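Just below is one structure, and these are the notes that go with it.
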Amino acid sequence: MMIEEEDEEQHEKKGKPNRLESSARLVGIIGGLIAVFTGIYQFGQSNVQSARELRWKQAELAREMVTKMMDDEGWKAMEMMDWDDEGREYEINGRKEKVNANAVYAALEKSESTDKDRYIIDRLDRAFFLVSQLESAVRSDLVRIEDVRFPLSWYAAKRMCPRKQLFEDYMKENAAPETLQFFQRLDEWRDCNK
C-alpha cells in the first residue's frame, strides 16, 4: 500500500508542473512572441526601405529619360516653339533659316512642304517618338508621370494649347498612340481650351 501511495504522489508531481517549469514555459512563450513580432517589424521595415529604393530608381530613370530627350535632335522641335516672333536660326540644307512657333504651326497645316517644313516635321516626329517612349515607361511603372511631365507640361500649356486641335490631329495621324496618351495625362493639356 505504501508503494502505491508513493507512486500516486510521484504521478501527481509529474502531472502538476512546479513554479520553475511554469516560469520557464512562460518565458519561452514570451520570447517566442517577441521574436515573431520583431521579425514582422523587420520585414515591414525592409519593405519600406525597398519601396524607397524603388522610388529613388524611378526618379533617377525619369531624370535620365528627360535629359536624353532634351539632348536629342528631336527636342529642337520644342525649342522652335520657344519664340513667337523672332525665332531661332537653324541651318537647313546649307541655308540659315529662322524658325518660330508660327513656322511650326504652318508646317503642320501644309499638305505640300518646303525644306524648312520637312526639317520642322522631322524633328517634331522625333520628339513625338520620344514622348511615346515616356508614356510606355509611365504605363509600365518604370517612371511616374510627375517625374517626366516637365518640361513637356510647359510646352503643352504655353505653345501647344493655343493650337491643341492641330497637334491632336497631327498626333492621331502621324505619331504612336502613346504620344497623345502622354499629353492627355497632363493637366495642362486636359485643361486647355476650357
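The values are calculated or read from the model by the stated rules, or taken from the named source; none is laboratory data. Source: prediction; values computed, not measured. Note that each Cβ is placed from the backbone with ideal geometry, even for glycine, and that neighbours are counted across all protein chains shown. The area values use the complete protein model at the heavy-atom level, side chains included, leaving out ligands, DNA and RNA. Shrake-Rupley method; radii C 1.70, N 1.55, O 1.52, S 1.80 Å.
For the set 116, 68, 164, solvent exposure ranked by accessible area (probe 1.4 Å, protein chains only) runs largest to smallest as 68, 116, 164.
The lysine pair tally for the chain, using Cα distances under 24 Å and a gap of 8 or more places or different chains, is 27.
Using θ = phi - 60° in the Karplus curve 6.51 cos²θ - 1.76 cosθ + 1.60, the 3J(HN,Hα) couplings for segment 90-96 round to 10, 8, 10, 6, x, 10, 7 Hz; x is entered for Gly and Pro. Think of the chain as having a plus end and a minus end, set by charges on the Cβ of Lys, Arg, Asp and Glu; of 80, 179, 47, 80 sits farthest toward the positive end of this dipole. The residues 36, 148, sorted by heavy-atom accessible surface at 1.4 Å with ligands and nucleic acids left out, run 36, 148 from largest to smallest. Placing +1 on the Cβ of every Lys and Arg and -1 on the Cβ of every Asp and Glu, with no other charges, gives the chain a dipole of roughly 720 debye about its Cα centre. For the chain, with all protein chains in place and a probe radius of 1.4 Å, 52% of the accessible heavy-atom surface sits on carbon or sulfur.
How much length, in nm to one decimal, is gained on full extension between residue 86 and residue 125, taken as 0.36 nm per residue of separation minus their Cα-Cα distance?
Details: separation 39, 0.36 × 39 = 14.04 nm, distance 2.34 nm.
Extra length available between residue 86 and residue 125 comes to 11.7 nm.
Derived scalar couplings between HN and Hα for segment 24-33 equal 4, 5, 4, 4, x, 5, 4, x, x, 5 Hz in order, rounded to whole Hz, by the Karplus curve 6.51 cos²θ - 1.76 cosθ + 1.60 (θ = phi - 60°), x for Gly and Pro.
The translational diffusion coefficient of segment 48-194, from Stokes-Einstein at 20 °C and 1.002 mPa s with a Kirkwood hydrodynamic radius over alpha carbon pairs, comes to 134 µm²/s.
Contact order, relative form, for the chain: 19 percent (alpha carbon pairs under 8 Å, 6 or more residues apart, mean separation divided by residue count). Taking θ as phi - 60° and the Karplus parameters 6.51, -1.76 and 1.60, the scalar couplings of segment 148-165 work out to 10, 5, 9, x, 4, 4, 5, 5, 4, 6, 8, 10, 9, 3, x, 10, 3, 4 Hz in sequence order, x denoting glycine and proline. Using a simple spin-label model with pseudo-atoms 7 Å out from Cα toward Cβ, residue 27 and residue 55 lie 4.3 nm apart. Helix-only estimate, please: 222 nm mean residue ellipticity of the chain, summing -39500 (n - 2.57) across DSSP H runs of length 4 or more and dividing by its residues, to the nearest 500. Calculated at 222 nm, the ellipticity per residue is -23000 deg cm²/dmol. Amide H contacts of residue 83 (H built 1.01 Å from N, in plane; Pro and chain starts excluded): 101 sit under 5 Å, all sequence-distant by 5 or more or on other chains. With each label modelled as a point 7 angstrom along the Cα→C-beta vector, the residue 20-residue 112 pair spans 10.9 nm.
Between the listed residues 108, 170, 157, the Cα displaced farthest toward the positive end of the dipole of segment 99-194, a dipole computed from Cβ unit charges relative to the Cα centre, is found at 157. Were the residues from residue 140 through residue 47 laid out at 0.36 nm apart, the gain over their Cα-Cα distance would be 31.4 nm. Taking 22 Å as R0, compute the FRET efficiency from the Cβ-Cβ separation of residue 72 and residue 102 and round it to 0.05. Efficiency for this residue pair is about 0.40.
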